[in-house]
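Read the structure below first, then the notes.
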Amino acid sequence: MKISRLIAVVATAGAAALVSLGAQAQAIKIGELNSYKTFPAFLEPYKKGWELALEEINKAGGVGGRKLEVVSREDGGNPGDAVRVAEELITRENVSLLMGTFASNIGLAVSNLANQRKILFIAAEPLTDKIVWENGNRYTFRLRPSTYMQVAMLIPDAVKLKKQRWAIVYPNYEYGQSATASFKKLLAKAQPGVQFVTEQAPPLGKIEAGAVVQALADAKPDAIFSSLFGADLQKFVREGNTRGLFKNTPVFNLLAGEPEYLDPLKDETPDGWYVTGYPWNEIKTPAHQKFLAAYQARWKDYPRLGSVVGYSTMYAVANAIKRAGGADTEKLIAAMKGMEMDTPIGPIVWRAIDNQSTMGAYVGRLAKKGDKGVMVNWQHADGALFLPPFEEVRAMRKD
């Protein structure tokens, strides 16, 4: 073989090898979308959580020798915009899977798109039961404990009080509607004969707290169930304190123990409320202590529950890709079903029957410590113990 031809062959082979190595080392693109501008209290810590996890994963060599790359987009807090953004991530950015979303109605919209486009979607935060049950599909997996699960965690304490007349207040969109439906169903089953004497359903972010509190007071309930959060919760608490609504009336409130929503209440924090939340500074498990140290070192701030959710979602992505041996959608789905993994708040399993993780939550009471609100008498509730039986899940899912 002539020298010139030999050089050409070697050069061609070398170039092919470099292309092959480049393909192997090409980053795996993850599409992330969320309502950062609409819900900053939760989602700014959430982003810090997944960014920390991403840095850890890539520093350790990525997954299978490939780095992970997140293409993050704002979804505008609107289902229509979220679908458009998700579509752009799929078609223009060529992402291998989707993760994120906060509001339940947005999560449902993106879940429906994922089903149509046949792409994996890990719903980090939406709490609606429908996303894994009535509207569940094989492409959508959800991390956080749902409204049903978190309500079920509060029901034992509600039943112990033996209160007959209940008032309900909730933000009038999918999450609040789902939480209310679960509470009424589970409490009525556990305590036959219970009455729901009034329901107040203000639009999300537009509560007229004075009118709502007065309507609840007029109904003379024995106890109150609320799924308000954020600014709506703050206004409700302030008005309820002013008018004495909570003085002799027990209140159960989903999410009010999360630092995102508890910290702004400061010295207005109502004593004794039964809540789900995240007592970050009192959790002493090795997994949480490791996460806490890493988070504080990176961000010079304490974590919120959103931080845990973002961190755990990113690791779910990495674990699924590792288990699947790549980013093929069908292999990712198979990998997610039954996948076990650790999180800062305990080990979880992604159930094969409904694609719901068994992540738990912390249940306790609110109290004031100095001029700030805290969770007291809390305990960790294992999410696996607060899910409906398989026969009920099979009846709800259509796929």
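Between 0 and 90 degrees, the angle of helix 174-190 with respect to the longest Cα principal axis of the chain falls at about 60 degrees. Farthest toward the positive end of the dipole of the chain, out of L385, N34, N172, is the Cα of L385, where the dipole comes from beta carbon charges about the Cα centre. To test your reading of the geometry: what angle, between 0 and 90 degrees and rounded to tens, separates the Cα axis of helix 286-299 from the longest principal axis of the chain? So the inclination is approximately 80 degrees.
Using a probe radius of 1.4 angstrom, the carbon and sulfur fraction of the accessible surface of region 59-177 is 42%.
Taking the Cα centre of the chain as reference, the dipole from Cβ charges on Lys and Arg (+1) and Asp and Glu (-1) amounts to some 660 debye. Dipole of the chain computed with +1 at Lys/Arg Cβ and -1 at Asp/Glu Cβ about the Cα centre; of G77, G272, M149, farthest Cα towards the positive end is M149. Listed by chain and number, the aspartates and glutamates placed with their C-alpha closer than 18 angstrom to that of K67 are E32, E51, E55, E56, E93, D328; residues fewer than eight positions away on the same chain are left out. Put simply, the amide H of S72, placed in the peptide plane, has neighbours under 5 Å in E32, leaving out anything fewer than 5 places away on its chain.
Considering only A114, L228, F246, and ranking their Cα positions along the charge dipole of the chain that arises from unit charges at the beta-carbon of Lys, Arg, Asp and Glu, the one farthest toward the positive end is A114. Applying 1/(1 + (r/R0)^6) with r as the Cβ-Cβ distance of D267 and K247 and R0 = 25 angstrom yields a FRET efficiency of 0.90. Accessible surface calculations at 1.4 Å, restricted to protein heavy atoms, place region 223-281 at 32 Å² per residue. In straight-distance terms, cross-link reach from K398 covers every one of the lysines whose alpha-carbon lies under 23 Å from its own, apart from those fewer than eight places away in the same chain; here that gives K118, K130, K185, K331, K337.
In the full protein context, region 103-169 carries 27 Å² of accessible surface per residue, based on a 1.4 Å probe and ignoring ligands, DNA and RNA.
With a cut-off of 13 Å between beta carbons, the residues surrounding G338 carry a summed charge of +1, where Lys and Arg count +1 and Asp and Glu -1. Taking Lys and Arg as +1 and Asp and Glu as -1, the other residues whose beta-carbon sits under 10 Å from that of M314 total -4. Per-residue accessible area (protein heavy atoms, 1.4 Å probe) orders H288, H380 as H380, H288, starting from the largest. In region 191-340, the portion of solvent-accessible area held by carbon and sulfur atoms comes to 49 percent [1.4 Å probe, whole percent, DNA, RNA and ligands not counted]. Highest-first packing order for the peptide set 339-350, 58-69 is 339-350, 58-69, based on the mean count of other beta carbon atoms within 10 Å. Annotation: extensible slack from K372 through K220 equals 51.8 nm (criterion: 0.36 nm per residue apart, minus Cα-Cα distance). Taking amide hydrogens as placed 1.01 Å from N in the peptide plane, the amide H of Y278 sits under 5 Å from those of E258, each at least 5 positions away in sequence or on another chain.
Taking 22 Å as the straight-line reach from the Cα of K284, the lysines in range (excluding those fewer than 8 positions away in the same chain) are K48, K300, K368, K369, K372.
The values are calculated or read from the model by the stated rules, or taken from the named source; none is laboratory data. Bear in mind the structure is a predicted one, so any value in this text is a computation, not a measurement. Positions of Cβ are backbone-derived with ideal geometry, glycine not excepted, and every protein chain shown enters the neighbour counts. Remember, those area values only see protein heavy atoms, side chains included, never the ligands or the DNA or RNA. Shrake-Rupley method; radii C 1.70, N 1.55, O 1.52, S 1.80 Å.
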